[in-house]
1. May I ask you to list the residues in the range 18-40 that are in contact with a Lys or Arg (Cβ under 8 Å, 6 or more places away or on another chain) and not aliphatic (A, V, I, L, M)?
2. Are any residues in the range 27-49 surrounded by 12 or more Cβ atoms within 10 Å (Cβ to Cβ) and not small (Gly, Ala, Ser), and if so, which ones?
3. Considering only residues that are polar (S, T, N, Q) and under 20 Å from the mean Cα position of the chain (by Cα), which ones fall in the range 14-73?
4. Return the residue satisfying two criteria in turn: it lies in the range 1-55 and is of a type in the set (Val, Ile, Thr) and modelled with pLDDT under 85, and of such residues it is nearest to Gly67 (Cα to Cα).
Amino acid sequence: MLTTQMTAADAVWVLAVVVVSGALVRLILAVVAAHAAGKALEPSADSRAADRLRAHRLAVLRAVLNGLRTPRR
């Protein structure tokens, strides 16, 4: 049977990895949101299909931005 003991230094490393990975995910979501915002705000042809596409892009942007919010306790 393999047993391991976690030292204080190990706990700090685990915490640092969790924080950094969470920050990386938030950074990726921010880049996706910026790209979606640019696409959603591009001028488009005056057609129903273009309006639906713009509405879809704005909905995706809203969902991504909601994912960036910190959860309230």
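The values are calculated or read from the model by the stated rules, or taken from the named source; none is laboratory data. In this text, all values refer to a predicted model and were calculated from it rather than measured experimentally. Methodologically, a virtual Cβ is constructed for each residue, glycine included, from the backbone with ideal geometry; neighbour enumeration extends over all protein chains shown.
1. Lys39
2. Those that are surrounded by 12 or more Cβ atoms within 10 Å (Cβ to Cβ) and not small (Gly, Ala, Ser): Leu29, Val32, His35, Lys39, Leu41.
3. Scanning the range 14-73 gives Ser21, Asn66, Thr70.
4. That would be Val32.
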